[in-house]
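Have a look at the structure below before the remarks.
The values are calculated or read from the model by the stated rules, or taken from the named source; none is laboratory data. The shown structure was predicted, so the numbers you read here are calculated from the model rather than taken from an experiment. Note that each Cβ is placed from the backbone with ideal geometry, even for glycine, and that neighbours are counted across all protein chains shown.
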Amino acid sequence: MNIDYDEVMRTVKKHLWGPVGSVVFHIALVVLLVTFSVGTAPEKAPEVEVTMMETKADTLDKIDEVVKKELDKVETPPDQTVVDRPDVATVSTMDVPSDAPGSGAGNSDGAGIGSGDPSLSAGFEMAVAKSPLVMKGLYAQRTAGGRKGSLSAFGGSGRGEDSVLRALRWLKAKQEPDGSWRKSDNRPEAAAMAGLALLCFLAHGETPSSVEFGQTVEKAMKFLVSQQKPNGGFGGNAFGHDGPYEHAICTYAVSEAFGLTKIMALKDAMEKGIQVIIDGQQANGGFDYAYSKGPKWDLSVAGWQFQALKAARMAGCTNPKLEDSISKGIEFLRKLAHQPGQGFCYNDPKGETAKSSKPSMTGAGTLCLQLLGKPECPEVRSGLKWMNDSQDATFNPVWVKPDPSVKEDKRPKVPVYSWYYITQAKFQKGVNDWKVWNPKFSTAVIRNQIVEGPLGHWEGGDHGGNVYTTSLCTLMLEVYYRYLPTFKHVEAAPEVATAAKTDDVVVDIK
């Protein structure tokens, strides 16, 4: 059979010219209409300045080796679950993008977003459109890929991440139907304990749309919102003696939660909570028990207020007095709470400058200045030096196991409150400060987790029960990806395991 290819091509051109010409004509028409109606081309999107920094991978590898060598001395319980093993029965969030938008049907417990209290359900719908600044900048390291990249870059270990997942599963198992952890902690500050526990899940990038922990996170969020009074105060003792602690921890948690999810009910709770903190701030920039406005200031109380203010700023709080409150706080930390040339103090009854440095408060004061935007100020450098030079046993982390023969109120307590602040302050500084502290604290914490199959928790902390101690230990082991250090920002790693880069891209976001 002979085919006249020239005739075929003429036929094809004849039949295609009409449709193709019509498409080209209409595209040209649309372009002309847009040009005449708008007048100018759309403005170019703002650019983000990117710089290149070299990661000292060899140094960080050595840190990880030290941690692994110490932990290898401890026998792994035969029933211990390791996340990377293929025979783990439960779902690992390391393998599931926890920030993927969804309808809520993916929650492992089978409950969709918006279940529970009908009065709160409407405000707890996940925002599908995530802010690029939030997800790719301030919180990017909390995604599955971000966690892997940060653990590799800053000396984290697989065993540490296993401990985190066991702790999250323990918290999930111990949560009450109302979203609290009342029975597990046996303390009156139910809202504060829920806030601390929620911060652990948020640090791991968990939201109500997460597969394994979605319902746990959602219930905790709803519980916290339900604990806020009409005046904005959180908890059963919002303005009593210890009230500022509970209120600040809850405000801290709902602020981070809003930053990660954009759930509007959380924004409302955050704005009200921040207003209480701003109203409770002293003229000198500090805080005291019961939000007292007398001369006495207390850095332990103030530390949680400053963490809440920082979280609210990151989440986009719109309070017009927020920046002024932060500025006053910075002045307080530098001029009153800091002992000149030394560390930071607990309090001063007369409202005068600090005279006696303490390990926990030096960690707290140093960290707060770092988080509030003054990582290189003289007081931060002085605080770090004081911690490095101090011979206090707090800086040589040793987990003292409880002696059953000694009454509980007489047993020595593990200073997890001090370690919580010290760990973050040294991580923010990085370099030698972190290189020395990282293997010490992580070994002590990981080694002393009480492992029960896929679950794990800690006991014996200095100021609370098991939920308190477990939450602070978990937050310490999440430090690698919770807040990036002030000296460096790293890109999220691919969602598959890859070798650590030697030239990470660094995005400077103010």
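Data overview
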| item | result |
| --- | --- |
| Verdict on Ala257 being in contact with a Ser or Thr (Cβ under 7 Å, 6 or more places away or on another chain), outside any loop (DSSP other than H, G, I, E, B) and of a type in the set (A, V, I, L, M) | no |
| Residues of region 286-306 satisfying the condition of being under 25 Å from the mean Cα position of the chain (by Cα) and either in a helix (DSSP H, G or I) or on the phi > 0 side of the Ramachandran plot (or both) | Leu299, Ser300, Val301, Ala302, Gly303, Trp304, Gln305, Phe306 |
| Boolean, Lys401 is assigned to a loop (DSSP other than H, G, I, E, B), touching a residue at least 24 places away in the same chain (Cβ under 8 Å) and either more than 14 Å from Gly286 (Cα to Cα) or within 25 Å of the chain's Cα centre (by Cα) (or both) | yes |
| Sole residue being touching a Lys or Arg at 6+ places or on another chain (Cβ under 6 Å) and buried (at least 20 other Cβ atoms within 10 Å of the Cβ), chosen from Phe287, Phe258, Phe223, Phe234 | Phe258 |
| Only one of Ala425, Ala444 that is aliphatic (A, V, I, L, M), buried (at least 21 other Cβ atoms within 10 Å of the Cβ) and at pLDDT 95 or above | Ala425 |
| Criterion violated by Ser390 - all others in (1) more than 30 Å from Ala312 (Cβ to Cβ); (2) touching a residue at least 12 places away in the same chain (Cβ under 8 Å); (3) within 27 Å of the chain's Cα centre (by Cα) satisfied | (3) |
| Filter result for Ser471 (closer than 24 Å to Trp386 by Cα, small (Gly, Ala, Ser) and crowded, with 20+ Cβ neighbours inside 10 Å) | no |
| Evaluation of Ser360 against (1) polar (S, T, N, Q); (2) free of Cβ contacts under 8 Å to residues at least 60 places away in the same chain; (3) part of a helix (DSSP H, G or I) (one fails), failing number | (2) |
| Among (1) buried (at least 23 other Cβ atoms within 10 Å of the Cβ); (2) of a type in the set (D, E, K, R); (3) over 23 Å from the mean Cα position of the chain (by Cα), the one test that Lys407 misses | (1) |
| Pairs where the first residue, in region 248-275, is at positive phi and the second is modelled with pLDDT under 95 and of a type in the set (Asp, Glu), C-beta under 6 Å, 6+ apart | none |
| Residue that is farthest from Ile277 (Cα to Cα), among those in region 307-342 that are within 23 Å of the chain's Cα centre (by Cα) and assigned to a loop (DSSP other than H, G, I, E, B) | Gly316 |
| Qualifying residues in region 138-181 (those that are more than 17 Å from the chain's Cα centre (by Cα) and under 13 Å from Gly456 (Cα atoms)) - the one surrounded by the fewest Cβ atoms within 10 Å (Cβ to Cβ) | Ala173 |
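Rundown of residues vs (1) more than 23 Å from Ala290 (Cα to Cα); (2) touching a Phe, Trp or Tyr at 6+ places or on another chain (Cβ under 7 Å); (3) surrounded by fewer than 24 Cβ atoms within 10 Å (Cβ to Cβ), yes/no style:
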{"position": "Lys183", "(1), (2), (3)": "yes, no, yes"}
{"position": "Lys219", "(1), (2), (3)": "yes, no, no"}
{"position": "Thr251", "(1), (2), (3)": "no, yes, no"}
{"position": "Leu266", "(1), (2), (3)": "yes, yes, no"}
